[in-house]
Amino acid sequence: MMSATKPALEQQPSPAPVHFQERPTPQERPPLRPARAPVGGRWVQFGYVLVDATWVCLNTFVVLAIRFSGETPDLLSAAGLTGWLRLGYGAYLVLSVALVVLACQGMSLYRADRSRTYWAETLAVARAVLIATALMATFLYLSGDRTISRIVVVFGGVLNFATLAAWRMWKRQFIERRVAQGRGARKVVIIGAGRVGQALADYLDQHKYLGYAVVGFLDQNHSQDPRLLGRIEDLIPIAQTHYVDEVFITIPSERQIVKRVAAEARQHRMDVKVVPDFYDGLGWNVPIRHVGQFPVMELHREPIPFTGLMIKRLMDLAGSALALLSLAPLLVLIALGIRLDSPGPVIYRSRRMGRKGRAFTCYKFRTMVANADALKEELLQRNERTGPFFKMSNDPRITRLGRVLRKYSLDELPQFWNVLIGDMSLVGPRPHPIDEYERYTLEHRRRLDVKPGVTGLWQITARRDPSFDTNMTLDLRYIENWTLAFDLRILLRTFAVVARGDGE
């Protein structure tokens, strides 16, 4: 749709310039704080440390099992374990873990740096393990200890290098597969379709493991480029249409454009990266980072509650698995009832729009006649809801059992499977069908910033309200005020709503 309007955009006169307030003086501007790593980065670093420490421990056990194989029948037996602890290998294990972790930290191996190539990372692992092994050997030599075999130290170092390099290769391949599938990739728009912008786009396309998916360019010129989405003034509507996460600016000489884009992106919670300059103070105290071989300045970063989202996902996994297991007999009874009540499949599959505009198959118990979707067009004039979605009381397509299932929301129980596989969450905005999504306004698209949910704020407060605007207002209120405690309150109130039979 956007590409069809590009010629018109090029022929239109430039809009009136946007006037910005003067940059505040140092006395007016709040003090700048040093950039900090995101909270999620610390959790990733801790995870890497834990994996490395586990491998070093396992490698030590393997080497000791070989070392004492002729002396004790079982390393982990009471006699075997006591034997190698008595010889000082317990302290050796602790020291080995500490030295390897510290050496890896010194090689920056615990930073989630996707710009480092696999061979560079493997070389860093080799250096770290070599340093740790050399320090261990030096310590044993200087201490005069003769009980710990030097063969254990050498073979332990070899195993440490092999396992630490191998699991990092697996991690890299896992990330690349997820990015190739469109999972975890951050959607970016590049301001400027010139030489630098094209080179950046090509580099990101060729290095998928960096985790970026280029949506297209915004530029006043280069109208023949097939990836040109529009003019720079179109940033916000295009960003909302394509669910853009970050903006890369590659025209550093256009300072007014840089400041305008940065201000607009900041207001709409998009990250901004510049390739690169210092722009009248906008880049003061901003860390210089690298995306592959391109240096960038991160003018703004929208904080992501990694810990809260991780806990929310764990709640989704535990809650959906528990629900599916505990409700299995009820699910079977409902399936039999549907089969006996009316002809057609037990499960109704509907394509719904999920987070960031990603379509998925939503599962529900069938509560209507088998050809309900075909009959919907005939009933549109009887729609009782305002806005882009359809709802009517006494819908003739609903079966007898279907009315009971809808009344107590039992038809939505199969959606716990959607939660388990990650398409939905226990709490969030309701997923709308694709035909209703296509009638969204740009403002409506904000509800797709998060995963849709089995229940949500609208379901427990205004389920029978026919206004789509009310539905949208409540969904946006949930998104803007989300906390784990908020989710728990919604879940608890959902039980009361279901028990009252407020569904329709």
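Observations on the model:
- Here LEU204, LEU336 are placed in order of increasing Cβ neighbour count within 10 Å, fewest first, which gives LEU336, LEU204.
- Using a Förster distance of 35 Å, the FRET efficiency for ARG463-ARG186 (Cβ separation, nearest 0.05): 0.50
- Pairs exceeding a 31 Å alpha-carbon distance, out of LYS187/LYS407; LYS171/LYS259; LYS208/LYS364; LYS171/LYS364; LYS259/LYS312; LYS259/LYS356: LYS187/LYS407; LYS171/LYS259; LYS208/LYS364; LYS171/LYS364; LYS259/LYS312.
- Look at ILE148, ILE434, ILE490 and count the other Cβ atoms within 10 Å of each Cβ; fewest to most, that gives ILE434, ILE148, ILE490.
- Binned Cα-Cα distance frequencies in segment 174-275 - 5 Å width, integer %: 2, 14, 25, 25, 19, 10, 4, 1, 0
- Sum of side-chain charges, ALA213 neighbourhood, beta-carbon under 11 Å (Lys, Arg +1; Asp, Glu -1): +2
- In this calculation the C-beta distance from VAL346 to GLN224 is compared with R0 = 35 Å, giving a FRET efficiency of 0.05.
- Least to most buried among HIS432, HIS268, HIS290 (fewest other Cβ within 10 Å first): HIS290, HIS268, HIS432
- Scattering curve values for segment 118-229, log₁₀ I(q)/I(0), Debye with Cα scatterers, q = 0.17, 0.21 Å⁻¹: -0.86, -1.05
- Counted by Cβ distance under 10 Å from ASP316, the other residues give a net charge of +2, where Lys and Arg count +1 and Asp and Glu count -1.
- Segment 429-477-segment 122-187 distance, computed between alpha-carbon centres (Å): 49
Where a number appears in this text, it was derived from the coordinates with a stated rule and is not lab data. Please read all numbers here as calculations on a predicted model, not as lab measurements. Cβ sites come from the backbone with ideal geometry, for glycine too, and all protein chains shown count toward neighbours.
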